[in-house]
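The values are calculated or read from the model by the stated rules, or taken from the named source; none is laboratory data. Worth saying up front: this structure is predicted, and the values here are computed from it rather than measured. For neighbour counting, all protein chains shown are included, and Cβ atoms are generated from backbone atoms with ideal geometry for every residue, glycine included.
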Amino acid sequence: MSTPKPYPTEEDFPIISNVNEIDYSATYSYANYMRFTFDERMEIIKGHIFKMSAPNRYHQKTFGIIFNRLYNFLEGDKCEVYGAPFDVRLPKKSKEDKDIFTVVQPDVVVVCDQSKLDKRGCIGAPDIVVEILSPGNNKKELQNKYEVYEEAGVKEYWIVSISDETFFKYVLNEEGKFMPTRLLTVGDKVTTLILPGFVLDLEQVFKN
């Protein structure tokens with residue numbers, strides 16, 4: 001397997017105005033990402049570019065239900081909820097733009113540490129990350145993002161499958177590893193220790 005070539009140097013981050021100019025064999029940082037001027041949405045996972053598929057109506061409806069439940073519950077709380085497009089930067093060491101090689105746009109995030117929020121989004125692990133699976137990108141959510149969310153220290157990772165009408169939650173343990181909970185579906189209710197009192201009724205999430 002060939003080694004990804006660095007692109008570009010830290011002294012030269014050119015503007016990329018056309019998605020066709022992306023070199024998928026190259027390694028990109030957040031500094032590169034900030035110079036993308038095309039309309040297509042992209043994520044960077046461990047330096048590699050991933051295209052984001054356009055959400056369909058069912059995805060957007062499910063997103064709206066989950067986001068609104070969280071937003072209404074958190075009104076006036078120290079924790080805040082944000083929905084895509086919203087950049088989450090996951091630095092490993094330095095927080096300098098050129099040293100960050102994972103920038104994702106989860107469907108929904110809950111952030112309780114206000115110091116992680118700035119005008120460009122979130123830098124560091126959110127407390128809760130919600131991904132609503134879309135056709136064509138399930139592998140990215142289930143494998144690549146699982147790894148970076150676990151490494152970054154995301155406390156809970158929620159995976160929602162519209163086609164299967166299922167909800168799956170990973171909870172970070174004291175050793176920094178995700179532990180799976182049981183599979184939930186229509187008729188079940190989602191709760192979380194991060195937000196005491198919050199209840200998400202999957203009957204409502206999957207009603208259509």
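Screening N32 against (1) outside any helix (DSSP H, G or I); (2) not assigned by TED's automatic domain parsing to the domain that holds L133 leaves a single unmet condition, (1). Consider P55 carefully, then state whether it is free of Cβ contacts under 8 Å to residues at least 60 places away in the same chain, outside any helix (DSSP H, G or I) and under 16 Å from the mean Cα position of the chain (by Cα). In short, no.
Of all residues in the stretch 185-206, those satisfying the criterion of being of a type outside the set (S, T, Y) and farther than 18 Å from L70 by Cα are V186, G187. For G64, the criteria (1) farther than 23 Å from M34 by Cβ; (2) of a type in the set (G, A, S); (3) surrounded by 17 or more Cβ atoms within 10 Å (Cβ to Cβ) hold in every case but one, which is (3). The conditions of being among the hydrophobic types (A, V, I, L, M, F, W, C), out of contact with any helix residue (DSSP H, G or I) (no Cβ under 8 Å at 6 or more places or on another chain), modelled with pLDDT under 95 and within 30 Å of I194 (Cβ to Cβ) are met by M52.
Looking only at residues in the stretch 102-151 that are crowded, with 16+ Cβ neighbours inside 10 Å and acidic (D, E), the one that is farthest from M179 (Cα to Cα) is D107.
Are any residues in the stretch 67-101 hydroxyl-bearing (S, T, Y) and surrounded by 18 or more Cβ atoms within 10 Å (Cβ to Cβ), and if so, which ones? Y82, the sole residue that qualifies. From (1) within 28 Å of S115 (Cα to Cα); (2) of a type outside the set (D, E, K, R); (3) not in a strand (DSSP E or B), pick out the condition that doesn't hold for M179. Single failed check for M179: (3). Taking into account only those residues within the stretch 171-208 that are of a type in the set (S, T, Y) and under 21 Å from the mean Cα position of the chain (by Cα), which is surrounded by the most Cβ atoms within 10 Å (Cβ to Cβ)? Among residues in the stretch 171-208 that are of a type in the set (S, T, Y) and under 21 Å from the mean Cα position of the chain (by Cα), the one surrounded by the most Cβ atoms within 10 Å (Cβ to Cβ) is T192.
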